[in-house]
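The values are calculated or read from the model by the stated rules, or taken from the named source; none is laboratory data. As the structure is a computational prediction, the values presented were derived from the model and not from experiment. Quick reminder, even Gly has a Cβ in these numbers, built from the backbone with ideal geometry, and neighbours come from all protein chains shown. Heavy atoms of the whole protein, side chains included, go into the accessibility calculation; ligands, DNA and RNA do not. Shrake-Rupley method; radii C 1.70, N 1.55, O 1.52, S 1.80 Å.
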4 protein chains.
Amino acid sequence: MVVRAAVAGASGYAGGELLRLLLAHPDVEIGALTAHSNAGQALGPLQPHLRPLADRVLEPTTAEALAGHDVVFLALPHGQSAAVAERLGDEVLVVDMGADFRLKDAGDWEKFYGSQHAGTWPYGLPELPGGRDALAGSRRIAVPGCYPTAVSLALFPAYGAGIAEPEAVIVAASGTSGAGKAAKPHLLGSEVMGNMTPYGVGGGHRHTPEMIQNLSAAAGEPVTVSFTPTLAPMPRGILATCSAKAKPGVSTGSLRAVYAKAFADEPFVDLLPEGQWPATASVYGSNAVQVQVAYDEAAGRIVVVAAIDNLAKGTAGGALQSMNIALGLPEDTGLSTIGVAP
Amino acid sequence: MVVRAAVAGASGYAGGELLRLLLAHPDVEIGALTAHSNAGQALGPLQPHLRPLADRVLEPTTAEALAGHDVVFLALPHGQSAAVAERLGDEVLVVDMGADFRLKDAGDWEKFYGSQHAGTWPYGLPELPGGRDALAGSRRIAVPGCYPTAVSLALFPAYGAGIAEPEAVIVAASGTSGAGKAAKPHLLGSEVMGNMTPYGVGGGHRHTPEMIQNLSAAAGEPVTVSFTPTLAPMPRGILATCSAKAKPGVSTGSLRAVYAKAFADEPFVDLLPEGQWPATASVYGSNAVQVQVAYDEAAGRIVVVAAIDNLAKGTAGGALQSMNIALGLPEDTGLSTIGVAP
Amino acid sequence: MVVRAAVAGASGYAGGELLRLLLAHPDVEIGALTAHSNAGQALGPLQPHLRPLADRVLEPTTAEALAGHDVVFLALPHGQSAAVAERLGDEVLVVDMGADFRLKDAGDWEKFYGSQHAGTWPYGLPELPGGRDALAGSRRIAVPGCYPTAVSLALFPAYGAGIAEPEAVIVAASGTSGAGKAAKPHLLGSEVMGNMTPYGVGGGHRHTPEMIQNLSAAAGEPVTVSFTPTLAPMPRGILATCSAKAKPGVSTGSLRAVYAKAFADEPFVDLLPEGQWPATASVYGSNAVQVQVAYDEAAGRIVVVAAIDNLAKGTAGGALQSMNIALGLPEDTGLSTIGVAP
Amino acid sequence: MVVRAAVAGASGYAGGELLRLLLAHPDVEIGALTAHSNAGQALGPLQPHLRPLADRVLEPTTAEALAGHDVVFLALPHGQSAAVAERLGDEVLVVDMGADFRLKDAGDWEKFYGSQHAGTWPYGLPELPGGRDALAGSRRIAVPGCYPTAVSLALFPAYGAGIAEPEAVIVAASGTSGAGKAAKPHLLGSEVMGNMTPYGVGGGHRHTPEMIQNLSAAAGEPVTVSFTPTLAPMPRGILATCSAKAKPGVSTGSLRAVYAKAFADEPFVDLLPEGQWPATASVYGSNAVQVQVAYDEAAGRIVVVAAIDNLAKGTAGGALQSMNIALGLPEDTGLSTIGVAP
């Protein structure tokens, strides 16, 4: 089987990471590469680490350029995927790495993104309950946001098991690639090195409704989320520290059992041995998720920490994992759980 | 007035930062410098940034070496301060930068430090209610821990004003100097760069009882604290993200008013203008504290973020500020609120 | 004596560092602050570390705004200083932190900067032979480039003593602030962290003719310079590794003697003890220069390594040091030799 | 074909990187893993990124533990390989990642390493003239040092073509993993972040004679090397800036032609297009080498810059590439030229 794949937005960080992974996927042949402002340029200077594609010239992002492939990956600014997707045939697998089709509630979309809701596609987080069923055979996939990937994996077992109160508090640190490649002063190396700073505090981050959607579905009741993202001085990685009050009767043992069961058969999620904590460096460049749990008896809270690579499992790796499922390929084809460390 | 100061533990990070600040203090004359394993060595290669002290030779840490000064700063491993302090006269100002005399509850000390409690000294966080009164004229000062400094300043106004429920959730990122200068594999540059990782999760960090002590005093009722510290890839800085459920009636405006009032006359604490967020880079090397608040209506939580330099305001700067108060000097003598950035 | 100082280009990195230093200068009162694209904005969000100036509003950079001060610092893009300077009176001390007035040879200027040469001002590197005489009482100062500061200090003693062949080879690493605050993709944190890369290889860097000018003057004969700058993953600092073939008769001892003599009375230059090597971290935020020398007998070369803070001694600190000399103030007023480390 | 491989020194950085690559090698089965001080421990906490090997327990490094494999990789401290190797049969492929068998001249070894020379093995840098012939079918391989890998690849074409004078000047920046995993104070994250510092200046670095050996062989005459290594604030990567005076008649065109020819058929070496410069980030985690050349006419020098990943092509990748050749496997089996960026 040869899967011909096109990538829209090939000059950005998400597109670049996807291409890195596609180059290692044994069943994929890389087709059209498109871009917006970089159209007409060779990929070499834009993605200097992707040596085998250095001479590829970027086409403008149009439905015509993307047509004729088995899979089309969209790594476009929010709000631009729908117009492209509707011109690609229903038989084409369209994987949207943007936010457009993640939310089920049109009101949430409008409140956080300020435009009309485009719809809802099957959600590309296979580890969630029913996640793989929704993806199998699908021809449309909404890849989760990077923060919601880490946070949902950290907390859905607790909510699914009914052991956590429906008020989650999350503080997460992200590497700078999560903010994209557009040159903005606050993302300069001079600004971010040696610096930790929060943003979107108080409920304003666009990933918040996506987390609420996932956690509420797991809990079977509305879950509120207090989410504070912070920018960390590293290129990649998300470390999400998630907690919620424990419902009565929780113990370290029962908490651990819940998580051991939830991830027992997951190829990419590691519940770490007791005493070892997730580290973003350990999942650098890999599709792995490291999770650890603790029950803080004095505070009465369940604390779950998850580490992912925001570009890999958090974006491009998650997209590829979902593509594998949709196409009936082994789920881990072309995906590694081994990080590049130190 | 000339204050003769001795520093025990001069070869470590806390001692080095203290010396950097003392060199800029117009009223202080630096006397004996002592160390343990580095005794007998010149300071130059150990603290290469402290050029004017390069030829100073470190003496072994003994009460004899420290005697005869107006102020003695102790930057010793936990549990070692009492033995030294009791041999220094009551007229000598002893400033303990270790943990020994911070906690009021002997049981807390024994639980978290595993040794006998040495006692409780006036607490060197002047910004707390009654903080300055406790320090004025005192001849013993317990310098707060770096995390408790950030967290207590972030949350005491909310608890003092009775607008927060007594269950605080805190996630903080610290630069690596907070872990000291002892060479341990997990602190190697190869390990920490590009890496975020938590430690002491689930209530185990020794700074937790100190936070509980401060916040409970402010609240007038017992406050529980869920504290997760994380190690960030930067040499200095603490970013503490602190939240608690709001009591009924809180609004963004009332929250902001509480904090504006609490810090109105504080020389080192900045409540940032709305829209601007604390950044550890902005307080690099300075005694300033940046604070910002948000009320997350959907989650019903007060979120407060504070940034400090863990070595400056979080340790040596706080020590010096308290010394100034104890000696009757202007509180900001020798202390800057201007960070070294970018 | 109160020196009223204006700063043109106050929102950039050079301007920000100058303001940080001016705030600590006991004789300076900060007057007008101007900017180009940021005119009309408050300084607070642009330079969040400069707390005492947070409410200052930036004026557009015009001669009118800058008039009426004792000193005017120009931190403008290359080629813009002359037009401003000629409208400021001869009695005003104008300190140009740009390149416009550094070069003596109009042809060099035109070749490397592509515009008409504006002239030559007294050169703000007091440590060079005759440097202080040229600055004393002057009302125009050309502040050296950051790389030429480090390189000239590293090599002028060898050339002045006639012990080095006139072909210098220099490889220098610079922190990212040397590239300024304009947002460019290759300066994003995601790009620079974990990355070393050269630029301007093969003689193309604009600082090359300035180095040639200084070293040739010291040598009394034309010196060629092979200069390779590299971008290092740190906000500040320059580490310059400089070498030249030794003339016959050089030994480690004679080399060391030459350097010891050259820097014996210099307040800001440290020839390190044998066995200790310059480190940019040791001069972080300070006006100090660390220098170390070695004679590589097998290769027959003199190797000199210098470390400076590119924004401090390399730009704003050097500017202030020269201002002090020009105004007859003690040369080290407001300048520290103590770095902020770790 | 299944190649059973043992790794001695599996808990260090070189060993860990080798295991990361071996896990992706389709023909290799990982056998015994040994260590010295970490013997008896599971690999999981020591190499947390190597998830599939987490439960492997490290054996003590003995010939017995290493016996019975097709290939034995030695990642041992200098001077320890010979004793192990001589007890492994001649039919076993022994790949020494240490320095013991790199040098041909016993005097050089004794001078730089201070012990008796163990001998000389075929040298694992296939790109050198005759390099592959020496490795094909060999059962002993000496893997080059990381710096010599970068420097030799950068300069052998110029020396081989007779266009460079035999006096090379090299300044290289290395990531901290090159200094190993032993916890030393100067390698702490607090020390290395934000810091550039040289070491082994003036000819003292142990990699110098290895460079001289390679470059002299290429030149057919003795080449002197002035080598200054610097420690850069990044976990991985070497950027080597290498130059030599050009012999008469060199031009940019002829220089470029020499390099284009030298690397025309090399699977891992990229002579970058004009205008693009090597970046360590672009080869992060890959076996690729980026090279760029410039002819500085004013200085009369050839400048060559090379970027490698010190742990990959500089150590473990080079070892694997050489193993492939020795065993008759396709040279690039299990090795990628695609970096993990940003």
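Inter-chain neighbour count for D:36-43: the average number of beta-carbon atoms from partner chains within 10 Å of each residue's beta-carbon is 0. Relative to the longest principal Cα axis of chain D, at what angle does helix D:13-23 sit, 0 to 90 degrees, rounded to 10? The answer is roughly 80 degrees.
Give the accessible surface of segment A:197-320 per residue, rounded to a whole number of Å², with probe radius 1.4 Å and ligands, DNA and RNA excluded. Could you put the intermediate results ahead of the total?
Working: 3290 Å² over 124 residues.
Each residue of segment A:197-320 exposes 27 Å² on average to a 1.4 Å probe.
Working ranking of peptides B:64-75, B:49-60 by packing, defined as the average number of other Cβ atoms within 10 Å per residue, highest first, is B:64-75, B:49-60. Burial of accessible area (probe 1.4 Å, heavy atoms of protein chains only) in segment A:327-342, relative to its chain alone, reaches at least 40 Å² for A:Thr337, A:Ile338, A:Val340, A:Ala341, A:Pro342. Over all other residues within a Cβ to Cβ distance under 15 Å of D:Ala32, the charged ones net out to -2, with Lys and Arg as +1 and Asp and Glu as -1.
Rolling a 1.4 angstrom probe over the protein heavy atoms, how many square angstrom per residue are accessible across segment B:38-164?
Details: 4850 Å² over 127 residues.
Result: 38 Å² per residue.
Where in segment C:135-169 does the label zone of C:Ser251 land, with the point 7 angstrom along Cα→C-beta and an amide N cut-off under 17 Å? Output list for this probe position: C:163.
Once the Cα atoms of helix B:146-160 and of chain B are each reduced to a long axis, what angle between those two axes, in degrees from 0 to 90 to the nearest 10, is obtained? Between the helix axis and the principal axis of chain B, the angle is about 40 degrees. What residues does segment A:239-272 have that are buried by at least 20 Å² of accessible area in the full protein assembly compared to the chain on its own, 1.4 angstrom probe? At a threshold of 20 Å² (probe 1.4 Å), the residues of segment A:239-272 that become less exposed are A:Leu239, A:Thr241, A:Lys245, A:Asp270. Across segment A:43-191, the fraction of Cα-Cα pairs farther apart than 23 Å, rounded to a whole number, is 51%. Calculated [222 nm] ellipticity per residue, helices only, for the protein assembly as shown: -7000 deg cm²/dmol; basis is -39500 (n - 2.57) per DSSP H run with n ≥ 4, divided by all residues, nearest 500. Of the solvent-accessible surface of the protein assembly as shown, computed with a 1.4 Å probe and all protein chains present, 52% belongs to carbon and sulfur. Electrostatic bookkeeping for C:Phe268 treats Lys and Arg as +1 and Asp and Glu as -1; over the other residues with beta carbon under 14 Å from its beta carbon, the sum is -4. Listed by chain and number, the aspartates and glutamates whose alpha-carbon sits under 17 Å from that of A:Lys181, ignoring those within fewer than 8 places in the same chain, are A:Glu17, A:Glu191, A:Asp309, C:Glu191.
Placing R0 at 30 angstrom, the Cβ-Cβ distance between A:His78 and A:Val2 gives a FRET efficiency of 0.40 after rounding to 0.05.
Let's test the formula: R0 of 51 Å, r as the Cβ-Cβ distance of B:Gln116 and A:Asp133. What FRET efficiency results, to the nearest 0.05?
Values: r = 60 Å, r/R0 = 1.18.
Computed FRET efficiency for B:Gln116 and A:Asp133 comes out at 0.25.
Annotation: the antiparallel percentage among DSSP beta bridges lying fully within chain A is about 45.
Given a Förster distance of 25 angstrom, what is the FRET efficiency for B:Ala264 paired with A:Tyr199, based on the Cβ-Cβ distance and rounded to 0.05? Provide the component values of the computation, followed by the final result.
Values: r = 26 Å, r/R0 = 1.06.
With a Förster radius of 25 Å, E is 0.40.
What separates the Cα centres of segment A:1-66 and segment A:225-299 is a distance of 33 Å. With both labels modelled 7 Å from their Cα along Cα-to-Cβ, the B:Ala63 to A:Ala298 distance reads 3.2 nm. For segment C:48-60, the Karplus equation 6.51 cos²θ - 1.76 cosθ + 1.60, evaluated at θ = phi - 60°, returns couplings of x, 7, 9, 3, x, 10, 4, 8, 5, 9, 6, 8, x Hz by residue, with Gly and Pro reported as x. Among beta bridges identified by DSSP and lying wholly in the protein assembly as shown, the antiparallel ones come to about 45 percent.
Between A:Ala42 and D:Glu86, the simple label model (points 7 Å from Cα in the Cβ direction) yields a spacing of 5.4 nm. Each peptide in A:90-103, D:139-152 receives the mean, over its residues, of other Cβ atoms within 10 Å, and ordering these scores from highest gives D:139-152, A:90-103.
Note on A:284-293: average number of Cβ atoms from other chains within 10 Å of each residue's Cβ is 3. So how much accessible surface do A and B hide from each other in total, probe 1.4 Å, in square angstrom to the nearest 100? Separately minus together, A and B give about 3200 Å² buried.
Counting partner chain Cβ atoms within 10 Å of every residue's Cβ in C:199-208, what's the average? Let's see the in-between values first.
Numbers: counts 1, 2, 11, 14, 8, 3, 0, 0, 0, 3.
Mean inter-chain Cβ contacts per residue within 10 Å come to 4.
Residues of segment C:169-195 whose accessible area (probe 1.4 Å, heavy atoms of protein chains only) drops by at least 50 Å² once all protein chains are present, relative to their chain alone: C:Val169, C:Val171, C:Ala183, C:Leu188, C:Ser190, C:Met193, C:Gly194.
Packing around the peptides C:265-278, D:104-117, taken as the average count of other Cβ atoms within 10 Å per residue, puts them in this order, highest first: C:265-278, D:104-117.
Once you have the alpha carbon radius of gyration of the protein assembly as shown, what is it after dividing by 2.2 N^0.38 Å, with N set to its residue count? Show your work: numbers first, answer last.
Numbers: Rg = 30.9 Å, N = 1368, 2.2 N^0.38 = 34.2 Å.
Cα Rg divided by the expected 2.2 N^0.38 Å: 0.90.
Residues in segment B:101-112 carry Karplus couplings, in order, of 10, 7, 8, 8, 9, 4, x, 4, 4, 5, 5, 8 Hz; the curve used is 6.51 cos²θ - 1.76 cosθ + 1.60 with θ = phi - 60°, and Gly or Pro positions show x. Within segment A:262-341, DSSP assigns beta bridges of which about 70% are antiparallel (rounded to the nearest 5).
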